[in-house]
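Participant: Just dropping this structure here.
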Amino acid sequence: MLSIIDVARLAGVSTATVSHVINKSGRFSKETEEKVMKVIEQYGYVSNNNARSLKSSASHTVGLIIPNINNDFFSSIAVTIEQFFDYYDYSLFICNTDNDPQKERRYFRRLDSMRVDGIIVISCQKRIEKDVISRNIPIVLLDRIPENDMDLPVVTSDSKNGIYQATTSLIEKGCRNIIFISSFLATYVSTNRSEGYLEAMHDHGLPASRKSIIQLESGPSIVHSETSIYNYISRGNKVDGIVCTSDNQAIGAMEGVRRRGLRVPEDIKVYGFDNQFQSRISTPTLSTVERSPSSLGKISSEVLMNLIRNKPAEKTTVLSCSLVQRESTAS
């Protein structure tokens, strides 16, 4: 097998330079990188990660704890993070919790026992305790912000303002009886979003209270959202606008509206949240709040990598949201 010394000799550079090129660290020119990579590809050199791990006490692995890999938003984040760490020759362990706090804690312990160099977590817990891992490794909170005493770095979106924008948009389109659909999952996030709705209504002098917030009992389900809206309208409540915390909720809400013999957007205008794939193929197509999963994944990866390498890293990063206008809110 070719050694790193052999690669250095064939490329006409030092072993330190080869190491820098392989690990994407230090300084080297594009020309030098190309020479080293040409030798690596030509002779099929494979770095000895086991030896490297023993020498540096690093495993060159990281963990990603994610609530629902079937969710388009979360899977897009996972793909970005995997691509980022693959570039640096790190392996990524993806752990799917199904929004189960107990399962999340078990995954923390498993990743800890596997000696990963760091963890990115989209948590479903209200609080992450200090004893969740036994080692002093970096943990980055992504998207959701559970309570913790570890002063963990955060990369998230301004979801509250995203909901504020959506509610304001409906008001500007003439809606006056706007309701908000939330779910019980990750209530520390949902509460933040509901505040965006309440503030927008208040700022425009419209009546709104916790009574105009429909709290689903089983997460962002299409079926439960459909049933809730159908029943809400059937009780004689006036509705001309709906803002949801997920695209699934919004699609269910539109079906509930149709079942009551009303039309979207003519009678009731609807906003979703996250701009998932189904929002582009629903009937009518769904207006929604866009967050950037690729940006969230990239920035959280950069923060974790800087912490792994003992470099300065941003403590808090909040990305803005934007509105995507489609048929469900057309004037």
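Participant: Pick from segment 236-289 the residues that are farther than 20 Å from residue 216 by Cα and open to solvent by 60 Å² or more (accessible area, probe 1.4 Å): which of them is modelled with the lowest pLDDT?
Facilitator: This residue is 277.
Participant: Pull up segment 38-48, narrow it to residues that are open to solvent by less than 60 Å² (accessible area, probe 1.4 Å) and assigned to a helix (DSSP H, G or I), then point me to the one that is modelled with the lowest pLDDT.
Facilitator: Per the stated criteria, the residue is 40.
Participant: Further, regarding this structure: Tally time: how many residues in segment 187-209 are modelled with pLDDT under 90 and more than 27 Å from the chain's Cα centre (by Cα)?
Facilitator: 3
Participant: Please state which of the following conditions residue 136 fails to meet, knowing it meets all the rest: (1) open to solvent by 10 Å² or more (accessible area, probe 1.4 Å); (2) in contact with a helix residue (DSSP H, G or I) (Cβ under 8 Å, 6 or more places away or on another chain).
Facilitator: Evaluating residue 136 over (1) open to solvent by 10 Å² or more (accessible area, probe 1.4 Å); (2) in contact with a helix residue (DSSP H, G or I) (Cβ under 8 Å, 6 or more places away or on another chain) leaves (2) as the failure.
Participant: Here is a follow-up. Can you tell me which condition residue 298 does not meet? The list is (1) under 17 Å from the mean Cα position of the chain (by Cα); (2) among the basic types (Lys, Arg); (3) under 20 Å from residue 181 (Cα atoms), and all the others hold.
Facilitator: Residue 298 satisfies all of (1) under 17 Å from the mean Cα position of the chain (by Cα); (2) among the basic types (Lys, Arg); (3) under 20 Å from residue 181 (Cα atoms) except (3).
Participant: While we're on this one: Any idea how many residues of segment 103-115 are within 21 Å of the chain's Cα centre (by Cα) and under 21 Å from residue 306 (Cβ atoms)?
Facilitator: Count: 1.
Participant: Any chance segment 317-328 includes a residue that's assigned to a helix (DSSP H, G or I), of a type in the set (D, E, K, R) and on the phi < 0 side of the Ramachandran plot?
Facilitator: Yes; the residues of segment 317-328 include at least one that is assigned to a helix (DSSP H, G or I), of a type in the set (D, E, K, R) and on the phi < 0 side of the Ramachandran plot.
Participant: Among the listed residues 79, 121, which satisfies the condition of being open to solvent by less than 10 Å² (accessible area, probe 1.4 Å) and among the β-branched types (Val, Ile, Thr)?
Facilitator: Only one candidate qualifies: 121.
Participant: What tally of residues in segment 82-118 results from selecting those that are without any contact (Cβ under 8 Å) to a residue 12 or more places away in the chain and open to solvent by less than 80 Å² (accessible area, probe 1.4 Å)?
Facilitator: Matching residues across segment 82-118 total 1.
Participant: Here's something else I'd like to know. Which condition from (1) out of contact with any helix residue (DSSP H, G or I) (no Cβ under 7 Å at 6 or more places or on another chain); (2) under 27 Å from residue 84 (Cα atoms); (3) not aromatic (Phe, Trp, Tyr) is the one that residue 298 breaks?
Facilitator: The one condition residue 298 does not meet is (1).
Participant: Hey, another quick one. Give all pairs with beta carbons closer than 9 Å in which a residue from segment 201-212 that is among the polar types (S, T, N, Q) meets a residue that is part of a loop (DSSP other than H, G, I, E, B) and at pLDDT 95 or above; count only pairs at least 6 apart in sequence or on separate chains.
Facilitator: Here the result reads 212/177, each pair linking segment 201-212 to a residue that is part of a loop (DSSP other than H, G, I, E, B) and at pLDDT 95 or above.
Participant: Consider residue 171 carefully, then state whether it is of a type in the set (A, V, I, L, M, F, W, C) and more than 24 Å from the chain's Cα centre (by Cα).
Facilitator: So residue 171 fits the description; yes.
Participant: What tally of residues in segment 275-312 results from selecting those that are assigned to a helix (DSSP H, G or I), more than 30 Å from residue 23 (Cα to Cα) and touching a Lys or Arg at 6+ places or on another chain (Cβ under 9 Å)?
Facilitator: Number of matching residues: 2.
Participant: Of all residues in segment 247-267, how many are farther than 24 Å from residue 72 by Cβ and in a loop (DSSP other than H, G, I, E, B)?
Facilitator: Matching residues across segment 247-267 total 6.
Participant: For segment 200-229, which residues satisfy the criterion of being over 21 Å from residue 256 (Cβ atoms), out of contact with any helix residue (DSSP H, G or I) (no Cβ under 6 Å at 6 or more places or on another chain) and open to solvent by 70 Å² or more (accessible area, probe 1.4 Å)?
Facilitator: 202, 203, 207
Participant: Sticking with this one: List the residue pairs whose Cβ atoms are under 7 Å apart, where the first residue sits in segment 21-37 and is within 9 Å of residue 11 (Cα to Cα) and free of Cβ contacts under 8 Å to residues at least 24 places away in the same chain, the second is surrounded by 11 or more Cβ atoms within 10 Å (Cβ to Cβ) and hydroxyl-bearing (Ser, Thr, Tyr), and the two are 6 or more positions apart or on different chains.
Facilitator: 32/17
The values are calculated or read from the model by the stated rules, or taken from the named source; none is laboratory data. Please read all numbers here as calculations on a predicted model, not as lab measurements. Every residue, glycine as well, gets a Cβ built from its backbone with ideal geometry; the counts of neighbours run over all protein chains shown. What goes into the accessible areas is simple: the full protein's heavy atoms, side chains included, and nothing from ligands, DNA or RNA. Shrake-Rupley method; radii C 1.70, N 1.55, O 1.52, S 1.80 Å.
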